[in-house]
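The block underneath contains the structure these notes are about, expressed in structure tokens.
Computed from the coordinates by the stated procedures, all read-outs in this text should not be read as laboratory data. Everything quoted here is computed from the prediction, not taken from an experiment. Cβ coordinates were reconstructed from backbone atoms using ideal geometry, including for glycine residues, and neighbour counts include every protein chain displayed.
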């Protein structure tokens, strides 16, 4: 049976001999500056896409065309399925 007292472990002894890692303060300052700049860019309102400058009728026209093409595609798929299975 193993006793739960102090025992000598070679791996833990070797780890205890390793020096502590101290971060480079100049590098930490550079990273912090880059992070703050990235957060500031995210905080700004997003720029509007170029199509938002289009007139309102053009912004409504594009989804209408896409919807019509989807309807035609769906109709064609259903008609072919009906012909294939001869309903």
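Pop a pseudo-label 7 angstrom from the Cα along the beta-carbon direction at both residue 18 and residue 39 and give the gap in nm to one decimal.
3.0
Starting from the Cα-Cα distance between residue 56 and residue 76, subtract it from 0.36 nm times their residue separation and give me the gain in nm to one decimal.
On the way: separation 20, 0.36 × 20 = 7.20 nm, distance 3.10 nm.
Between residue 56 and residue 76, full extension yields 4.1 nm more.
What does the extension gain come out to for residue 68 and residue 9, with contour length at 0.36 nm per residue minus their alpha carbon separation?
This chain segment gains 13.9 nm when fully extended.
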